[in-house]
Each structure stands twice: as C-alpha cells, then as structure tokens.
1. Is there any pair with a first residue in region 13-34 that is more than 17 Å from CYS55 (Cα to Cα) and touching a residue at least 12 places away in the same chain (Cβ under 8 Å) and a second that is of a type in the set (Lys, Arg) and part of a loop (DSSP other than H, G, I, E, B) whose Cβ atoms are under 8 Å apart and which are 6 or more apart or on different chains, and what are they?
2. Within region 60-76, how many residues are exposed (fewer than 14 other Cβ atoms within 10 Å of the Cβ) and not in a helix (DSSP H, G or I)?
3. Hey, can you tell me all the residues within region 41-59 that are in a strand (DSSP E or B), over 14 Å from ALA102 (Cα atoms) and of a type outside the set (D, E, K, R)?
4. Tell me which residues, restricted to region 77-100, are part of a loop (DSSP other than H, G, I, E, B), over 18 Å from VAL26 (Cβ atoms) and of a type in the set (A, V, I, L, M, F, W, C).
5. Anything in region 1-54 that is closer than 24 Å to TYR107 by Cα, among the β-branched types (Val, Ile, Thr) and surrounded by 15 or more Cβ atoms within 10 Å (Cβ to Cβ)? List them, or say none.
6. Which residue pairs have Cβ atoms under 7 Å apart, sit 6 or more places apart or on different chains, and have a first residue in region 82-110 that is crowded, with 16+ Cβ neighbours inside 10 Å and a second that is part of a helix (DSSP H, G or I)?
7. Can you tell me how many residues in region 55-81 are touching a residue at least 40 places away in the same chain (Cβ under 8 Å) and in contact with a strand residue (DSSP E or B) (Cβ under 7 Å, 6 or more places away or on another chain)?
Amino acid sequence: MKLLTAALTNKLLRNGANRDQDHAPVVNFFNPVGSATWLISEMDPDNHDWLFGLCDLGMQSPELGTVSLQELESIKLKWGLKIERDLHIKAAHPMSYYAERARDMGYIDA
C-alpha cells in the first residue's frame, strides 16, 4: 500500500503551510507487527519528505516531532510487511489533544 495518496498529500501540505495552527491529524501510520505509531498532521511545503506529528516508537515516550516519509516507506518488517496507513482514522480533535493524552497514557490513542 502506498503510504500517502494525492489527496492526503495535498491536505498535509495545506496544513504545513499554516504551521501556526493546531491541526487535527490527517493520517495515522503504524507498525503492523509492533507498537510504533505516527499520527501525522503536516508536511513541510519546502521538503515533502518531512512530516510533522506525534511519534511513538513503542517505548512509552511519545513526542511531537518530524519524521522522514522516505524512511517510513523504506522500513522492512517481519514476513515482508511494511509500515501501514490506518484507513479508518477519524481525528476529531487537534494534535495538542492527542499529544496531551499520549503524554498522560504513555502511548498514542487515536
């Protein structure tokens, strides 16, 4: 599966052009055989490889930051699996809400 569609990329770029706003997450990537999760709200308009969001590598310390789309796409997991995109994400809150909950809980609950 392709991690980003054209529609998702456009939404992420629009959000990235307005960094002063607290955007709702647009996409949720996850490790299907592990606990890593990336809840993404923005893409850097000057460098489409850089995504911004809430990142949790499964070590009970989720944090806001950037991640490389190319790096996510290149991860090879057990049984030939790769990082996947949650097709059913329905973010109802801004990123700050998810970040606060993740800090309290030690993991992303999207």
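Taken together, the values in this text are just the output of simple stated rules run on the coordinates, not laboratory data. Nothing here was measured: the structure is a model prediction, and the numbers come from that model. Glycine gets a Cβ as well: all are built from the backbone with ideal geometry, and neighbour counts include every protein chain shown.
1. Pairs found: none.
2. So in region 60-76, the residues exposed (fewer than 14 other Cβ atoms within 10 Å of the Cβ) come out as 60-61, 63, 65, 68, 70-71, 74-76.
From what's left, not in a helix (DSSP H, G or I): 60-61, 63, 65, 68, 75-76.
Selection size over region 60-76: 7.
3. At the first step, the residues of region 41-59 found to be in a strand (DSSP E or B) are 41-43, 50-56.
Right, trim to over 14 Å from ALA102 (Cα atoms) and you get 41-43, 50-52.
Result: SER41, MET43, TRP50, LEU51, PHE52.
4. Filtering region 77-100 for residues part of a loop (DSSP other than H, G, I, E, B) gives 77, 81-83, 86-94.
Then drop every residue that is not over 18 Å from VAL26 (Cβ atoms), which leaves 77, 81-82.
LEU77, LEU81, listed by residue number.
5. VAL26, VAL27, THR37, ILE40
6. Close Cβ pairs (under 7 Å, with a partner that is part of a helix (DSSP H, G or I)) amount to ILE83/LEU72; ILE108/TYR98; ILE108/ALA102; ALA110/TYR98.
7. Summing the residues that are touching a residue at least 40 places away in the same chain (Cβ under 8 Å) and in contact with a strand residue (DSSP E or B) (Cβ under 7 Å, 6 or more places away or on another chain) in region 55-81 gives 4.
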